[in-house]
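The values are calculated or read from the model by the stated rules, or taken from the named source; none is laboratory data. Everything numeric in this text was worked out from a predicted model, so none of it was measured. A quick note on method: Cβ atoms are made from the backbone with ideal geometry, for glycine too, and the neighbour counts reach across all protein chains shown.
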Amino acid sequence: MNDKDEYCSILCLDQGVSYTKAKANDTLDNFLNKARNDFGHAALFSPHVNKNIDETNFMVSPIVTIQVTKFECGGLAISTSSSHPAMDGFSNFQCTSEWAKVCRMGTPIDKINFLSVNMGDIFPTRDIIGLFKSTPIPVIQQDIIVKRIVIREAVIARLRKKCIDESCGTLTFQPSRVEIITAILWRAFICATTIINGNAVNKIVASCKKANSPDEIVSTLVNSYNESFRSPEWGGNDEVDKVMCTSICKFPVHDSDFGLEKPNLIFFGMKDTQMFWLHDIGPEIGVQVDLKESCMQLFDLDDDIKDLIFIRDAKL
């Protein structure tokens, strides 16, 4: 290295890509039938990765894990798991799609594109030592229930019209289908957790009623903040409801054909956190809902979710 390389980092401690081949003592048809009754059954074919990562072993874990499971009488389950600093979601699906082209044989070389661009120019070198110094949040084992929602094209059009009509002209843009569905999912989740935990806003207002001056109100709010958000265990127990929402619409999710036709079932995540996954199913949108059992029961009963007129597992 010379002086120009002072702020560059080279880390050679990772374990590269872990590749596992497995066999299932079942047929693909039987598995799909089981998945229709319990969509979370698909998580059995997820790569077995070490979730207990901390600052001492972060860089000695595989940055990408792949598992290929072969069913009796034909059929494959292909699962991938990657570290986000190494690969984003679009690159993950695109790489799998190009991998499938190679496996089909006979695909012209000019039709295969593994994102072969000059990444050094797009992402210049930089010091990444500080990137791995944050303390990871410990994984809390949760009883996650997985369900699948299919939102029909007609329902999306009706919801968009409803948003525009109810805005009475104040809505200055036409909301996208992802924005509409995300808003409905968030509202339903908030309503469900409010039933379980009570109304946090009302609790704060009630505590402020005891204050005799504006300064005391500010002090009450600050103390409430410090007791919750700044506590070391914040987010690491059941006192905080965490849920994430991601849209992978327009991603090449269904394009991977390894010579056995395109996927019959797509499953996201590893049933270890509460999450909403939005993805395309032709002109419709599929939503994989991963929630704790107590929350899922209330989520299903929400009027907004009922109005979606969804069909679970109609076609896996």
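Of the numbered conditions (1) assigned to a helix (DSSP H, G or I); (2) modelled with pLDDT under 75; (3) of a type outside the set (Lys, Arg), Ser219 fails exactly one; give the number of that condition.
(2)
Kindly provide the set of residues from the range 181-201 that are more than 12 Å from Ile305 (Cα to Cα) and touching a residue at least 24 places away in the same chain (Cβ under 8 Å), ordered by number.
Initial filter on the range 181-201 (more than 12 Å from Ile305 (Cα to Cα)): 190, 193-201.
Thr193, Ile195, Ile196, Asn197 - these are the residues of the range 181-201 that are more than 12 Å from Ile305 (Cα to Cα) and touching a residue at least 24 places away in the same chain (Cβ under 8 Å).
Are any residues in the range 18-47 closer than 19 Å to Val68 by Cβ and not in a helix (DSSP H, G or I), and if so, which ones?
Ser18, Tyr19, Thr20, Lys21, Ala22, Lys23, Ala24, Asn25, Asp26, Thr27, Ser46, Pro47
Take the range 261-282 and flag every residue that is among the charged types (D, E, K, R) and not in a loop (DSSP other than H, G, I, E, B).
Keep residues of the range 261-282 that are among the charged types (D, E, K, R), which gives 261-262, 271-272, 280.
Correct list: Asp280 only.
Do any helices (runs of 4 or more DSSP H) lying entirely in the range 103-200 carry at least 2 residues that are at pLDDT 85 or above and within 27 Å of the chain's Cα centre (by Cα), and which ones are they?
153-166, 177-197
Among what's in the range 263-298 and is among the acidic types (Asp, Glu) and more than 10 Å from the chain's Cα centre (by Cα), pick the residue that is farthest from Ile184 (Cα to Cα).
Restricting attention to the range 263-298, the residues satisfying the condition of being among the acidic types (Asp, Glu) are 272, 280, 284, 290, 293.
Then keep just the ones that are more than 10 Å from the chain's Cα centre (by Cα); that gives 272, 280, 284, 293.
Values: Asp272: 23, Asp280: 17, Glu284: 16, Glu293: 19 Å.
Ranking the qualifying residues of the range 263-298, first place goes to Asp272.
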